[in-house]
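Heads up, the thing below is written out as structure tokens.
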Amino acid sequence: MKKEKQNLLIFLGLVVGCAILIFGVISPAICGIKEDNRKINEEKTKTAELIAKGNSISRNRQNLTKVEQESNVLEKPFLRTGEELNFITDLESRADKSGVEQIIYFDDTKGVEDKNIKKIPLELQLSSGLDNLISYINSLEELDYYINISEINITSGSHSEVRQRANQIREDDFSEGDLTLSVKIKALTYWE
């Protein structure tokens, strides 16, 4: 019996030792591991949020750069006071390139100032064939500055009628039978 008691005591000692080991060492270690795992998952979530915010910041910076570039473009549409001759010359060269005869009515004294921007009316009387007029109007759209066309009147007539109105058509540009269009454009230009 002594041996049985001794075995029983050893067994109970092992059970108690295992219980102490399990509850005293392993269980707190498991709880610590679970807590560390929870913290790691929180940090992963925070890191993912920071990365998303960082990507968002990068996108915002790119968008800001685009907006800044576009704001520079928005500053260009305003013609600069004192550059009226350049503006008129630009219109004339575009008319010549398009094969359009043009009379420009531009009077900067008729301008109206609003919030440091002066709106000056512009009237163009054009005469040419349809393709040339379309080419000219398209070239107006390509200008770096903004011309707000408010009215376009188109009339047709023989070459001689248009010649009498424009007083500038060159004799060799058209044959007598050609049909031309006369276009009157009213617009506003914007000046700083």
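Annotations
- Taking the criterion of being in a helix (DSSP H, G or I) and of a type in the set (Val, Ile, Thr), the residues of the stretch 81-106 that qualify are 88, 89.
- Within the stretch 114-136, the set of residues being of a type outside the set (Phe, Trp, Tyr), under 17 Å from residue 189 (Cβ atoms) and modelled with pLDDT of 85 or more comprises 118, 119, 120, 121, 122, 123, 124, 125, 126.
- Qualifying residue in the stretch 75-82 (condition: among the acidic types (Asp, Glu) and either touching a Gly at 6+ places or on another chain (Cβ under 7 Å) or surrounded by 10 or more Cβ atoms within 10 Å (Cβ to Cβ) (or both)): no
- Subset of the stretch 138-156 that is within 17 Å of residue 101 (Cβ to Cβ) and surrounded by 15 or more Cβ atoms within 10 Å (Cβ to Cβ) - its residue that is modelled with the lowest pLDDT: 140
- Set side by side, the residues 93, 135 differ, and just one is surrounded by 12 or more Cβ atoms within 10 Å (Cβ to Cβ) and either out of contact with any Phe, Trp or Tyr (no Cβ under 9 Å at 6 or more places or on another chain) or not charged (D, E, K, R) (or both), which is 135.
The values are calculated or read from the model by the stated rules, or taken from the named source; none is laboratory data. Bear in mind the structure is a predicted one, so any value in this text is a computation, not a measurement. Positions of Cβ are generated from backbone atoms using ideal geometry, with glycine treated the same way; all protein chains shown enter the neighbour counts.
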